[in-house]
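**Q** Got a structure for you, questions after.
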Amino acid sequence: MRIFISYLLLLISFCAYGQENEREDFDIKFHVEQKTDDFNTVFAPLYYEKDTLRFQELLQLSKSNDYAIGEIIALNLLGTYYRDQAQYFKSVELHNQALNLAKDKNLTDGVLYSNNMLGVVFRRMDDVQKGLRYHFKALEIAEEVEDKNDFTIRNTAIAVNGIGNSYLILQEYESAKNQFRRSFEIEKSINNHLGLAINYQNIGYSFEKLNQLDSAQLNYFQSLKENSFINNDIGKMICYNSIGRVFLLKENYKEALDFLDRAEVIAEETGDSFYTATIYYLKGLTLLNLDRKKDSKSYLSKSVELSTKHNLKSNLSETYNAFATYYERIGDYQEALKYVRKSKEVEADYLNENNLRIKNNLEISYETELKANQILNLKKEKSQIIEEASKKQRTILFLILLLAVLALLGMLFYQRDKLRKEKQLLELEQKVLRAQMNPHFTFNALNSIKTYIISQDTEEAVKYLNKFAKLIRGVLYSSEKKVVSLEEELETVESYLSIERLRFIDPIEYQLDIKDIDPADVEIPPLLLQPFIENALWHGLAPKKGEKIIRLEIFKQSKNIVCLNIIDNGVGRRNSKSSEKEKGYKSLGVAISRKRLSNHFNIKNDDSTLMFTDLKDENNNATGTKVTICIPIHSHD
């Protein structure tokens, strides 16, 4: 009840808020003849007008007066109009004309704007891969601009928002929400109410997909407030639709119908086919729940017609499913079954296309954009440190030659500085090593996931794509840090195991036992446990037949020492070694880990830090291996 009252208070404020938003008529001819060189001055007033005749006027006058900025803006505004009419190929053609002209005239803001608009239209077409490519290009160009104006900043926010929308399609709702909040802060810095409205809407949708409906609705109302301030009819329509949808999910059908009625009026006035079809579906479902069956059928039929015409597969599948519910309620079970089948057919077609795009997008966004850029940055950083070390070395030698009196002091300083530089270089070598995940693991994991996609097991494919993406992000995140919490390390281990399990025929049971310690309070070098988990899997459990268990025990040995046991019930080290000789395996993971422990904790390379125990039964037969790692406790501040 308290939340509903807050909605009413927000609605009451819209009228007074919107009345202040009176705009003077924008004189197109004046700005064309003056050749106004600021994109935002020409773009902003016309965007809010949503008048295609005015867009055409700007286009013709700009061509006659050789005014490239006006022509680029007009082409993009017309492209946006056709996008909202679901005429996507016409929209792409106009945006591409604008992009080519901007490149030809070397107008950076025009290139930015056109790339972003192409990114949006390709997302509307469910082509996430192309959409991301255009948004990343816009972001890359924006980052290179030193003196950013409001239009540049605004397009930076649009690019970040577009990446957030791509995360939505990938079902990474927390990541999407973080991108939208980043975009929101950029829009806030230039007081752009349209950008604020869009990001409130997207943040609300992220909350909705996370089933946090109250938070979703509050953000939708904030978006409605911003859209009312700028008198943005399309924005208000989207907000009415979203608010109605959440009321429907809450089973508040009368409130849902009220907001969907408002959305329908604007959608039919503007001719936005995409949202009109969605609104028809939601109204049909709402009316069905209000037991207005005749009206429900009418709206669902209109949704099917519009969705079929514009190839809106996701909405068509949902509408067919609603029709199945309709026929079930009137007792026509044969028709209900027919529509269930039609819904599943469209859904399967849509998901197959979508999953292939998700797979391609993962390869591009994670492997190309993140991994390659990170490795490149690390190499640059390493080169800078080598150069700094070289300069320092020459300076010290020069001082030693000139200042013989300070020779001893200079030598000591040189040795200390050299050791510090070597340590920094060693850390960078480790970061580069951690950033480059084993290519065999990556290849095999993608092949396993591809098998699910080919076999049309879409749920498993999406689940393991998300797990693989989470693991990649975790590794990249860890590679930037010298230490991570034990809690974060355990999350990475779980992600790694969930992917590796795909390659085993027999199931692997993972057990975790934590005693008298909070993993969040313990810091360790990143990816410390992974080599031992890998050894347990492939040298201990892989050769074994039957039950396979890997167990991780964490406990305090003393006040300042924490120990980790990695236990498997595999074939044992002796049998594993013979197997390795036959297959030609060679692992340096243990030796590297021992050196990392020694370097990080400044302790000697002794057996008390890293121990191996061969487990045997009463007949002296191997029953597995236990690895024990004992380290000093380093807590978070």
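The values are calculated or read from the model by the stated rules, or taken from the named source; none is laboratory data. Note that the structure is a prediction, hence the values are computed from the model and not measured. Every residue, glycine as well, gets a Cβ built from its backbone with ideal geometry; the counts of neighbours run over all protein chains shown. To get the accessible areas, we keep the full protein, side chains included, count just its heavy atoms, and leave off ligands, DNA and RNA. Shrake-Rupley method; radii C 1.70, N 1.55, O 1.52, S 1.80 Å.
**Q** Only residues in region 40-59 that are among the β-branched types (V, I, T) count as the first member; pair them with residues that are outside any loop (DSSP other than H, G, I, E, B) and at pLDDT 80 or above, Cβ under 8 angstrom, at least 6 apart or cross-chain, and list the lot.
**A** Correct list of pairs: T41/H31; V42/H31; V42/L58; V42/I69; V42/G70; V42/I73; T52/L78; T52/Y81.
**Q** Same structure, new question: Regarding L288, is this residue hydrophobic (A, V, I, L, M, F, W, C), more than 23 Å from K236 (Cα to Cα) and either touching a strand residue (DSSP E or B) at 6+ places or on another chain (Cβ under 9 Å) or modelled with pLDDT under 90 (or both)? Step through it out loud before you land on a result.
**A** Details: hydrophobic (A, V, I, L, M, F, W, C): yes; more than 23 Å from K236 (Cα to Cα): yes; either touching a strand residue (DSSP E or B) at 6+ places or on another chain (Cβ under 9 Å) or modelled with pLDDT under 90 (or both): no.
Answer is no for this residue.
**Q** Regarding S223, is this residue surrounded by fewer than 22 Cβ atoms within 10 Å (Cβ to Cβ) and of a type in the set (G, A, S)? Even if it seems obvious, please write down each step before you answer.
**A** On the way: surrounded by fewer than 22 Cβ atoms within 10 Å (Cβ to Cβ): no; of a type in the set (G, A, S): yes.
Judged against the criteria, S223 is not a match.
**Q** Just to be sure, is L77 over 24 Å from A277 (Cβ atoms), in a helix (DSSP H, G or I) and of a type in the set (A, V, I, L, M, F, W, C)?
**A** Values: over 24 Å from A277 (Cβ atoms): no; in a helix (DSSP H, G or I): yes; of a type in the set (A, V, I, L, M, F, W, C): yes.
Criteria not met by L77.
**Q** Does Y134 fit the bill of being within 14 Å of the chain's Cα centre (by Cα) and under 16 Å from G119 (Cβ atoms)? Show your work before the answer.
**A** On the way: within 14 Å of the chain's Cα centre (by Cα): no; under 16 Å from G119 (Cβ atoms): yes.
No; evaluated as a whole, the condition is false for this residue.
**Q** Here is a further query. Out of K515, K544, report the one residue that is surrounded by fewer than 17 Cβ atoms within 10 Å (Cβ to Cβ) and either more than 24 Å from T623 (Cα to Cα) or among the basic types (K, R) (or both).
**A** On the way: K544 fails: surrounded by fewer than 17 Cβ atoms within 10 Å (Cβ to Cβ).
Testing whether each residue is surrounded by fewer than 17 Cβ atoms within 10 Å (Cβ to Cβ) and either more than 24 Å from T623 (Cα to Cα) or among the basic types (K, R) (or both) leaves just K515.
**Q** With the requirement that a residue be under 16 Å from G164 (Cβ atoms), modelled with pLDDT of 85 or more and either of a type in the set (V, I, T) or open to solvent by 10 Å² or more (accessible area, probe 1.4 Å) (or both), what does region 116-131 give you?
**A** Once the filter is applied, which keeps residues that are under 16 Å from G164 (Cβ atoms), modelled with pLDDT of 85 or more and either of a type in the set (V, I, T) or open to solvent by 10 Å² or more (accessible area, probe 1.4 Å) (or both), region 116-131 yields V120, F122.
**Q** Which residue is surrounded by the fewest Cβ atoms within 10 Å (Cβ to Cβ), if the candidates are limited to region 494-512 and must be free of Cβ contacts under 8 Å to residues at least 40 places away in the same chain and either over 26 Å from K544 (Cα atoms) or more than 24 Å from the chain's Cα centre (by Cα) (or both)?
**A** I505
**Q** May I pose another question? Count, please, the residues in region 438-493 that happen to be at pLDDT below 70, in a helix (DSSP H, G or I) and open to solvent by 20 Å² or more (accessible area, probe 1.4 Å).
**A** 6
**Q** Right, another one. So for region 242-258 (the condition being basic (K, R) and crowded, with 23+ Cβ neighbours inside 10 Å), does at least one residue qualify?
**A** Our first condition is that a residue be basic (K, R); within region 242-258, this holds for 245, 250, 254.
If we keep only those that are crowded, with 23+ Cβ neighbours inside 10 Å as well, we get 245.
Yes.
**Q** While we're looking at this one, here's another question. Among (1) at pLDDT 85 or above; (2) more than 24 Å from the chain's Cα centre (by Cα); (3) open to solvent by 40 Å² or more (accessible area, probe 1.4 Å), which single condition is E146 missing?
**A** With (1) at pLDDT 85 or above; (2) more than 24 Å from the chain's Cα centre (by Cα); (3) open to solvent by 40 Å² or more (accessible area, probe 1.4 Å) applied to E146, the lone miss is (1).
**Q** Kindly indicate whether Y220 is over 28 Å from L46 (Cβ atoms) and either in contact (Cβ under 8 Å) with a residue 60 or more places away in the chain or of a type in the set (F, W, Y) (or both).
**A** On the way: over 28 Å from L46 (Cβ atoms): no; either in contact (Cβ under 8 Å) with a residue 60 or more places away in the chain or of a type in the set (F, W, Y) (or both): yes.
So Y220 fails the test.
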